[in-house]
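Right, one structure below, let's go through it.
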Amino acid sequence: MKNCPNCNAEIEDNFELCWNCNYSLTEQKIIDIKDLNENKKEIDCLRCHVLMLYSGEYKFHEGPKIGVLGNIFEAFVNRESFDLYMCPKCGKVEFFAPLQNSEYKFE
C-alpha cells in the first residue's frame, strides 16, 4: 500500500489514481474525472457508486497460438474490440461494445 500525497489516503500499489481525491500519481495533480471520459459514457461503479474511468478500446481475439506458426494463424482468428471502463476505487472492470462500430448498434 502507498499513501496519496494530497489527502494521505491509502492506495493499492497497482493504482495510479487516489480513490478519495482523484489525485493522479503519474501526473502529480488532481484529475477531473469528466475530462478523462470526454465523448464516452458516464458509468457509475455498481459496487462503489463512483464514476468509472474510460481506459481505452482494447482488442481481443479468439483462437489458439499454435507453436512457431502462431503468428500465421492470427490472420484467421476472430477479433473483437471493446471499450474498457475501470473503477478508480475498487478496480472493477467493465467491457462495452464500442458504439461507433456499426455492427453493435443498440436502440
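Each value in this text was obtained by applying a stated rule to the coordinates, not by laboratory testing. Only a predicted model underlies this, so the values are computations on that prediction, with no experimental measurement involved. When we count neighbours, we look across all protein chains shown, and the Cβ atoms used for this are built from the backbone with ideal geometry, even at glycine.
Annotations for the structure displayed:
- Fewest-first ordering of Met86, Met1, Met52 by other beta carbons within 10 Å of each residue's beta carbon gives Met1, Met86, Met52.
- Each residue in Ser24, Ser55 was given a count of other beta-carbon atoms within 10 angstrom of its own, and listing them fewest first yields Ser55, Ser24.
- Using a Förster distance of 35 Å, the FRET efficiency for Gln28-Cys48 (Cβ separation, nearest 0.05): 0.90
- Likely footprinting exposure, Lys89, Lys2, Lys40, fewest C-beta neighbours within 10 Å first: Lys2, Lys40, Lys89
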